[in-house]
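Structure record follows, encoded as structure tokens.
The values are calculated or read from the model by the stated rules, or taken from the named source; none is laboratory data. Here the structure is a predicted model, which is why all the values come from computation and not from measurement. Cβ coordinates were reconstructed from backbone atoms using ideal geometry, including for glycine residues, and neighbour counts include every protein chain displayed. Quick note on the areas: whole protein, heavy atoms, side chains included, nothing else; ligands and nucleic acids left out. Shrake-Rupley method; radii C 1.70, N 1.55, O 1.52, S 1.80 Å.
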Amino acid sequence: MSDDIKAVLAMDEHNLPTGEVIPITEVPWMNFSGEHQGKSIGMRMEHLGSTHGYDHPYVIHTKYQPDTASLPLRHVAEIYCPETGIELDFSTTDPTFQFYTGGWIANTLKAKKDQGYVDIGPSSGFCLEASRNPDAPNKPDWRSSVLVSRDHPYTAKTVYAFHARLD
């Protein structure tokens, strides 16, 4: 994850944001950049409690407006798989993104035939979902990001760019 990530949102026991914004420097198990880059998710699980892995909103910026498409595209994360050489670059103009590692996926799923029918279960994948702060309509400080009108449409830009490294 990039240095553009400023904070994470504190979550309650139902995994809904409380409204508290925690600087990323105060939650090292949520930080994947700098000295924390490359540390496995499994080594961080003890800090994640009831979410069974990552299911957390990360804050990129606090320009809470319905139209973020006019804001600069921010590079948020670069994910690389050395076994396949596949790299994902994730960028968005949205103020937040959700990082989810599939902790609630059942152990009963199988991959498709061309994927060898391998088992798919908890932590067998991840999701990076650009968004406004979850529960924004119910939080006065965030509400302006989701209040739309004819003159203030809801827009954003998100880019998922995949490439192959040939090193």
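General observations
- Unique match (being in contact (Cβ under 8 Å) with a residue 60 or more places away in the chain and either under 20 Å from Thr158 (Cα atoms) or of a type outside the set (Gly, Ala, Ser) (or both)) among Pro95, Pro82, Pro122: Pro122
- Only residues that are closer than 25 Å to Trp29 by Cα and either open to solvent by 40 Å² or more (accessible area, probe 1.4 Å) or part of a loop (DSSP other than H, G, I, E, B) (or both) were counted across region 56-82, and they come to 10.
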